[in-house]
Structures are given as C-alpha cells and as structure tokens.
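To keep things clear, I will list the structure first and then write my remarks on it.
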Ligand code: GLC
C-alpha cells in the first residue's frame, strides 16, 4: 500500500484502533550532534514513521528537567528542555506530523515534579507548617524514623528528610516529590497544563502513573508491606488507586471533550495505570473518564497459548466491556525489550536465546496487531532490537539502579539510542561530524539492526511491521466495529481466531511444528516456512474464502 492511500484518521474514535509509536525523545534521533535525541530529530524522521504505517506518536517527556529520571522529574510543564529544542521546535514537529496525518500525544506527569520545580523550592524555603509545604506531602517523623513505612517504587524508603527535620514523600526517586492532590492549587495548575498542550494542538495526553495522585488521608502505614530494601510497593492500598482520582479524570475528560467539540478533532487521554486487577483497571476508562489505559498484562504474559489466551480474553471482556477499547503493549521504555524477554534474557544476566526470542517477538507482534483495539509500539521494536543487557555499571543512569545499590539493573538497556544507518558513526543516530558519542553507548551489534539495512531485507522485522500495519489499514475487519474476535478450536499450544468474516490469525506458541488450523490465502507469515504447517513460535494471517 502506498503511503498516501492510508485512510486518514480524522474520524471520531480514531484512538480505538490506532497504532501509536512511542518516541523516547532522548534516544530516537539527534539533529544537532550532541549525542542526545531531540525534537528536530523526531521531526526529520516523521516520514519514516509515516511509511512504517503507524497512526501517530507519543513523545516521552521533553520538558525542562534535571533528568534524574530522564524527564519524569519536571521543572516546568509548559516548556521544552534545551537539549530537546524549544517550543518553536515542538510547534514545527506537530505541524509536520499533522501534515502527514500523524497524531501527536504528549506525556503529562501529575503525580510528582522535580525537586527543582519552583513550588518545591518555595516549600523548602518556607519551612514546616507553611502554605507552600501544603502542596506536597511534608510530615514529621518519629525520631530518626520516617512518617510511615511506605516504599519508593525504585527501592528504599519513600521519604526523604530535609535539613529542618521534616520529611517529604517521593513515591519514585528522591528527586521526584509527590504533589498533594487534595490541594486546590495542584488541581488548578494541572488543568492549565492540560489546556496549554491542547491549545498547542496535541491530539492526546499520556498520563504518567494515573492511579497515583491522591494518597489515603493521614498517610497510614501499609499493614502488609512485605518489602526489603530493594523492593518497591506497587500494591500499597494507601498510596495507589484512591477513589478521588476518578474525579480528576472526569474533569480532565470534560476538558478534552470541550476541545474535541470546539475543534472537531477528538482529543484523548491515555493512562498508565499500574494496577494488576483488570476490573479496577477498567474503571479508569469508563465513558466519562480516560479514553484508554495501557493493557500491560499482555506484555507480562508468558509465551504460552494458555497465558496469552487468558490475558486476551480478560482484556477484551473487561476493558472492552467498559465501553472502551484495549490498548495492547509489548514494549515500552520501562521494560526489557520483548526479543530478550521471550529469549529468557535479562539486564545484567545476558541476552538469552536470541533466535528464539526473535521468532517469538515476530509472532507476538502479529498477534497484537490482529487483536481488536489499539496498539502502542515502542521505538526500536520494529527493528527487532534486543535489550542491551551488558551496559557497564558506570554508564547506567536509572535511579532504580542507584537506589538499589545495583541489585536492580534498571531500564537503560531498552533506552540505548537507535541505529539508523549501519555504516555511519553512532549508526546514524547523530549527524555525521557530530560528537560521535551517544548518551548511552551503542553496542557494535546495533549495526545489524540499523533501519537502512533492514529496509533492504525483505525478511526483516521492519518489513514484517510495515506489511502488518499496511494490511491492518487495508482489512476493514481489523479496525472496524464489525471485526469481533471469535476463537477457533485449535490443538494445544496454538491460538487461532477470526476477525469478522474474512480474516483469521493463528499462532503456534509451541516448540514443535503443527498443522495450520486455517485454510485460505496466506497474507503474512512471521516465518517464511509457514504454510500448511506452522513452524514453532510462528504466526500467520490468512484471508478466508468469502463468508467463511
Ligand atoms: C512511569 C514512567 C517511568 C517513570 C515513572 C515515574 O512509570 O513510565 O518511566 O520512571 O513513571 O515518573
């Protein structure tokens, strides 16, 4: 399919089936040769994203920040960090993206800010009991003990003491103080932030830790905190998922509706909600709250037919049952890359069996893109990049690594700057003649994953993604309301389903070849050997004879 023949996504509800590409700005493309990615770098690569066939992009935080958590510690929610460009570069980027019919989603971080945020500086200066401190969670401890037993998600206590003896709450790094969402200033400030980006034309906002924000009144101890020094406490019932948070999403939804109606372009809210309970997760995407939340259970599922079947079914029943649609995810900037996960590798523990990981990641991508709903891809996934598992300690920047004394290696291994051109310095991440050094070092084997090389290889992961995305746009059952998923009987180890009348997908999760359970015209295969038989760890898309 040619680039121009893709149907435009101007219709309402575009988000229900869109494929959005996550851009980790720092590591996507560097336009000025300083070894750090930037907004002009993203802009220069928009045609690549357009020809990949995605519908839009989500930009990780690019705001002024001391980068203790690479932009998730925000100093100014309405500006651009100089490493990444200026507001003018953002405006140019969004204009060009819209010209190419690509949606743009930006990241908002409402749970916490940076210790360098003006409000936090004022709070420190103003002292205990001041109105400035009331915008955060400052409290007295007992002797040298913090106010309660809460844990930071990155390891260690969630409290930091300041020189006058009080403590402040930080659910993540010490440099990320949590806002007090019961304070009216906080709510009002974020409504302004929301309007600021909507006025600048964004199509949506991705909301960081959208199940955070409010904390239980009185900040009680977590009775069942069973954590050591290195573990966080993602299930602390007093720190997460407080009922009041839903009121915030209702009022944000009302604001986005206001913009959607006024401009005729539907603006969306996509939440990162780290709850394990699917029923609870679904509550965040009721019709008057967030449009969607990422469905991380899919990413966490083991590579076997039962686990995948259960997760897919639960997602479709519970999330789609809430009136929304499932946002499937296999990769993001917080998780080891799928090729490595499926290979049994891990940061610090080695790459695992990469051939196996690659085969499974190819099949998983085809499975994801055949499911009802939308999908979020993470940069480099289409290049088949494995995690860089052996970054040396001295280059690691993730606060998780430092707060756990190195026990948890952290997330740097999925954030290494992308390889674009095999034969160039920094594999084309920076322009020729740039510093030649990227902010995280790229391994030599990144050359094998360079986009230019993969474009010339019809069997590459990049071609698989391009073909799958082109077919997705061409086959109405995949992106329209008529394409309900129906499971087909299949032997153990195999998943098979139809979408609407004419399309079927089969995935062999087992390690032996099986008979392809579907008859029809083969549209796409993750393994060139697929046909009447499905090789181990492979997937096929099939066009069914009329009305099958
Ligand atoms: C989210 C982000 C992650 C960040 C954390 C704290 O989970 O995805 O990268 O470290 O929030 O803001």
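All of the numbers you see were taken from the coordinates with simple rules; none came from a lab. Note that this is a predicted model, so its numbers are computed, not measured. Don't worry about glycine lacking a Cβ; one is built from the backbone with ideal geometry, like all the others, and counts go over all protein chains shown.
Using a ≥ b ≥ c from the Cα gyration tensor of the range 327-438 (square roots of the eigenvalues), is it rounded, prolate or oblate, where a/c under 1.5 gives rounded and otherwise the larger of a/b and b/c decides, a/b for prolate?
Oblate shape, in that a/c is at least 1.5 and b/c is the bigger or equal ratio.
Of the listed peptides 125-136, 31-42, what is their order by residue-averaged count of other C-beta atoms within 10 Å, with the highest listed first?
31-42, 125-136
Starting with the highest mean, order 287-293, 360-366, 538-544 by the number of other Cβ atoms within 10 Å, averaged over the residues of each peptide.
Sorting 287-293, 360-366, 538-544 by mean packing, highest first, produces 360-366, 538-544, 287-293.
Quick one: check the C-alpha center-to-center distance for the range 366-402 versus the range 409-454, whole angstrom.
Distance between centres, Cα-based: 14 Å.
Among 411-423, 346-358, how do they line up from the highest to the lowest mean number of other beta-carbon atoms within 10 Å?
Ranking, from highest mean packing down: 411-423, 346-358.
Express the C-alpha Rg of the range 118-169 as a ratio against the empirical globular expectation 2.2 N^0.38 Å, rounded to two decimals.
1.11
Given the C-alpha centroids of the range 307-363 and the range 38-87, what is the distance between them in whole angstrom?
One Cα centre to the other: 25 Å.
Taking only Cα atoms, what is the 0 to 90° angle, nearest 10, from helix 184-199's long axis to the longest principal axis of the chain?
40 degrees
How large is the helix-only mean residue ellipticity at 222 nm for the chain, computed as the sum of -39500 (n - 2.57) over DSSP H runs with n ≥ 4, divided by its residue count, in deg cm²/dmol to the nearest 500?
Mean residue ellipticity at 222 nm (helix-derived): -7500 deg cm²/dmol.
For the chain, compute Rg over Rh where Rg is the Cα radius of gyration and Rh is the Kirkwood radius from the inverse mean 1/r over Cα pairs.
Taking Rg over the Kirkwood Rh, I get 0.96.
Quick check: the angle from helix 354-370's long axis to the longest principal axis of the chain, C-alpha only, nearest 10 degrees?
Here the helix axis deviates by roughly 90 degrees.
Fewest to most neighbouring Cβ within 10 Å: what's the order for 196, 120?
196, 120
Starting from the Cα coordinates of the range 484-543, work out the convex hull volume and express it per residue in Å³.
67 Å³
Helix 245-263 versus the longest principal axis of the chain: what is the Cα-based angle in degrees, 0 to 90, to the nearest 10?
60 degrees
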